[in-house]
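What follows is calculated from the coordinates using simple rules that are stated; it is not laboratory data. Everything numeric here is computed off the predicted structure, so don't read it as measured data. Cβ placement follows ideal geometry from the backbone for every residue including glycine, while neighbour counts extend to all protein chains displayed.
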Amino acid sequence: MMKRVLSGLICLAMIACLSTFAIAAEDSIVVGTITADNQIVNNDGQAFLIKLNKQGEEIIAFVGQKAQVKGTVLEADGQKTIELSSYELIEEKK
């Protein structure tokens, strides 16, 4: 009986881990302003740390500008990080 319970718990733990990776693998779109802290902050004030891959290194040169970014969002210890797959700068109308 104890073996069954233990096996069941192990299976549940594995399913939970795999579903976390599946959720993290989905691309997200974030629209916000690029900051000097290598972040993009959306209109709700939510900050996403920009991972410094090729696109991330390019976009951090546009501090203060609005952008729409697409990428994988991961969260650890309450900090969201986005690994960009693409981005587009948004021109604000004057």
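Collect the residues in region 76-86 that are in a strand (DSSP E or B) and within 19 Å of ASN43 (Cα to Cα), keeping them in residue-number order.
GLN79, LYS80, THR81, ILE82, LEU84
Which pairs do you get when a residue that is free of Cβ contacts under 8 Å to residues at least 24 places away in the same chain and assigned to a loop (DSSP other than H, G, I, E, B), found in region 39-64, comes within reach of a residue that is hydrophobic (A, V, I, L, M, F, W, C) and surrounded by 13 or more Cβ atoms within 10 Å (Cβ to Cβ), reach meaning Cβ atoms under 9 angstrom, with the pair 6+ apart or on two chains?
Partner pairs satisfying both residue conditions: ASN43/VAL31; LEU52/ILE60; ALA61/ILE34.
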